[in-house]
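To start, the structure itself, in structure tokens.
Nothing in this text is a laboratory measurement; each read-out follows from the coordinates by a stated rule. Bear in mind the structure is a predicted one, so any value in this text is a computation, not a measurement. Ideal geometry is used to build each Cβ from the backbone, glycine not excepted, and the neighbour counts take in all protein chains shown.
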Amino acid sequence: MNQPVLLYDGECGYCRDWADRLRRMDPDHSIVLLAAAERDSLPGVPFIEAAALDRAIHLVLPDGRVVQGADAVVTVLRQLPRWRWVAGVFRIPGVRPLANRAYQWIAARRHRLR
């Protein structure tokens, strides 16, 4: 893998909507978006338990590291030149813990949010 791969819940309408938004935000296709259920179709994607994939998005980086949830969102934003500045907001003290809590709240309710 030479590009980051974002694994998301392809069964979730809210998640699919955000994946579509991300595709529009990434005109250079610098991030591969892949429904978690299709992860076996792409060589190099490490095994991640289904329960973990159900709790949060996972971003697999080309070096093999995996980040999830709000940390994955920040890492994705850093990959997108036009959106990189938004990632800087997460450096403000206290923002990262709030983002993690917000992410967990949304993830737990994502099937009802669409």
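Report the charge-dipole magnitude of the stretch 39-114 in Debye, nearest 20, computed about the Cα centre from +1 at each Lys and Arg Cβ and -1 at each Asp and Glu Cβ.
On the way: 13 positive and 5 negative charges, 93 e Å.
Computed about the Cα centre, the dipole is about 440 debye.
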**Fill in**
Expressed as a whole-number percentage, the relative contact order of the chain with C-alpha contacts under 8 angstrom and at least six residues apart is 30 percent
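Helix-only mean residue ellipticity at 222 nm, the chain, DSSP H runs n ≥ 4 weighted -39,500 (n - 2.57), per residue, nearest 500. What is it? Mind dumping the intermediate values first?
Working: 5 runs with 55 residues, N = 114.
Theoretical 222 nm ellipticity from helices: -14500 deg cm²/dmol.
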**Asked** Rounded if a/c is under 1.5, else prolate if a/b beats b/c, else oblate: with a ≥ b ≥ c from the C-alpha gyration tensor eigenvalues square-rooted, which is the stretch 36-77?
**Response** oblate
**Complete:** Ordered by number, the trypsin sites (Lys or Arg not before Pro) in the stretch 70-107 that occupy a DSSP loop and have at most 14 other Cβ atoms within 10 Å are Arg82, Arg91
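Relative to the present Cα-Cα distance, how much length would full extension add between Arg109 and Arg84 at 0.36 nm per residue of separation? Don't skip to the answer; put the middle values down first.
Details: separation 25, 0.36 × 25 = 9.00 nm, distance 2.72 nm.
Contour length minus the Cα-Cα distance gives 6.3 nm.
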**Request:** Identify the trypsin sites (Lys or Arg not before Pro) of the stretch 1-77 meeting these criteria: DSSP loop state and at most 15 other C-beta atoms within 10 Å of the C-beta.
**Result:** Arg65
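When a/c is below 1.5 the answer is rounded, else prolate if a/b is larger than b/c, else oblate, so apply that to the stretch 38-114 with a ≥ b ≥ c taken from the square roots of the Cα gyration tensor eigenvalues. Walk me through the numbers on the way to the answer.
Details: a/c = 2.04, a/b = 1.22, b/c = 1.67.
Cα axes put the stretch 38-114 in the oblate bin.
Once R0 is set to 30 Å, what does the formula 1/(1 + (r/R0)^6) return for the Cβ-Cβ distance between Asp54 and Met1, expressed as a FRET efficiency to the nearest 0.05?
Values: r = 23 Å, r/R0 = 0.75.
The calculated FRET efficiency here is 0.85.
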